[in-house]
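The values are calculated or read from the model by the stated rules, or taken from the named source; none is laboratory data. Quick caveat: nothing in here was measured; it's all calculated off a predicted structure. Glycine gets a Cβ as well: all are built from the backbone with ideal geometry, and neighbour counts include every protein chain shown.
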Amino acid sequence: MFSEIISLECYNTFLVVMAAIALVVFVALYFVEAGYGYLFNPKFGFPVPNKVGWVLMECPVFIAMAILWWLSPVKFETAPLLLFIIFQTHYFQRSFIFPMLIRGNSKMPVGIMLMGMVFNTLNAIMQGGWIFYYGPEMGYYDDWMSKPYIYIGVAIFLFGFITNLHSDYIIRNLRKPGDTKHYIPKGGMFRYVSSANYFGEFMEWVGFAIASWSWAGAVFAWWTFANLGPRSASLYKRYEREFGEEFTSLNRKRIIPFIY
């Protein structure tokens, strides 16, 4: 059904275009900070409550991926089902659990929320299109469980997922109720990078790309770094300005331990 609506040639062109846009985003974000969270900037639109913004931004990919899976003729085959489960595990947590754990009354610009909704919907088409339609139609996932990709990829994904959850927990507990000061996160992977939560998320999608061994997964991993790499650099500069030697003496990298 999916491949009857969008040909494989169009789908491959779509992947190339998405990869090229990610490059533009990667470069642009070194000059224009994405203004949400610690870097909140009202020029990206009127503010909405962070909890609402996160739910509306992240849930489209969870819903769209579920629809594509349910309509697929291979929805209960082992490899596509496993890839679906690990993908949805992240987005269930990010869409419905993470927002409820946010403390305080922080805001998100509506422009950031809308851009996230658009990308997440397109990403569901990228990942779901390959995993549930194009890949199986070509027999790509036949005997997939006998190959190393799935096991290596799932292990890396789980490492990233746990790192991301633990780093978010550290950030969430930096302040006591009523406190509005900023603090340097410490512990866990924050020993090595200033944006350990982003490192964890990047590892998740590197693992997913390996598990699916697909260009769609690779484009998503590239998009993740194109978004989070420059943001980690902006956060690093903000920490330097705000904390000075207290921060720089920690000798952390930005997002990739020992490298960047």
Can you tell me which condition PHE62 does not meet? The list is (1) surrounded by 15 or more Cβ atoms within 10 Å (Cβ to Cβ); (2) modelled with pLDDT under 95; (3) part of a helix (DSSP H, G or I), and all the others hold.
(2)
What single numbered condition from (1) of a type outside the set (Val, Ile, Thr); (2) in contact (Cβ under 8 Å) with a residue 24 or more places away in the chain; (3) over 26 Å from ASN105 (Cα atoms) fails to hold for LEU235?
(3)
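Just give me the residues in the stretch 161-175 being assigned to a helix (DSSP H, G or I), at pLDDT below 95 and not aliphatic (A, V, I, L, M), in sequence order. Walk me through how you get there before you give the answer.
So the first thing to find is which residues in the stretch 161-175 are assigned to a helix (DSSP H, G or I), and the list is 161-172.
Then drop every residue that is not at pLDDT below 95, which leaves 171-172.
Within the stretch 161-175, just ARG172 meets the criteria.
Looking at PHE87, is it touching a residue at least 40 places away in the same chain (Cβ under 8 Å), of a type outside the set (D, E, K, R) and either more than 19 Å from SER3 (Cβ to Cβ) or assigned to a helix (DSSP H, G or I) (or both)?
On the way: touching a residue at least 40 places away in the same chain (Cβ under 8 Å): yes; of a type outside the set (D, E, K, R): yes; either more than 19 Å from SER3 (Cβ to Cβ) or assigned to a helix (DSSP H, G or I) (or both): yes.
Taking the combined requirement at face value, the residue satisfies it.
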Out of all the residues in the stretch 130-140, is one or more aromatic (Phe, Trp, Tyr), under 30 Å from VAL32 (Cα atoms) and surrounded by 15 or more Cβ atoms within 10 Å (Cβ to Cβ)?
no
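Criterion first (surrounded by fewer than 18 Cβ atoms within 10 Å (Cβ to Cβ) and within 17 Å of the chain's Cα centre (by Cα)) does ILE184 satisfy it? Give the derivation first.
Numbers: surrounded by fewer than 18 Cβ atoms within 10 Å (Cβ to Cβ): yes; within 17 Å of the chain's Cα centre (by Cα): no.
It is false that ILE184 is surrounded by fewer than 18 Cβ atoms within 10 Å (Cβ to Cβ) and within 17 Å of the chain's Cα centre (by Cα).
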What number goes with the only condition from (1) free of Cβ contacts under 8 Å to residues at least 60 places away in the same chain; (2) surrounded by 17 or more Cβ atoms within 10 Å (Cβ to Cβ); (3) in contact with a Phe, Trp or Tyr (Cβ under 6 Å, 6 or more places away or on another chain) that SER194 does not pass?
(1)
Any residue in the stretch 1-29 that is part of a helix (DSSP H, G or I) and at pLDDT 95 or above sitting within a Cβ distance under 9 Å of a residue that is loosely packed, with under 12 Cβ neighbours inside 10 Å and basic (Lys, Arg)? List the pairs, counting only those 6 or more apart or interchain.
none
Single residue of MET117, MET57 found to be under 14 Å from the mean Cα position of the chain (by Cα) and surrounded by 19 or more Cβ atoms within 10 Å (Cβ to Cβ)
MET57
For the list (1) surrounded by 20 or more Cβ atoms within 10 Å (Cβ to Cβ); (2) more than 21 Å from ILE21 (Cα to Cα), I need the number of the one condition that ILE259 fails.
(1)
Considering only the stretch 87-97, I want to know if a residue exists there that is modelled with pLDDT of 95 or more, farther than 30 Å from ASP179 by Cβ and either small (Gly, Ala, Ser) or more than 18 Å from the chain's Cα centre (by Cα) (or both).
no
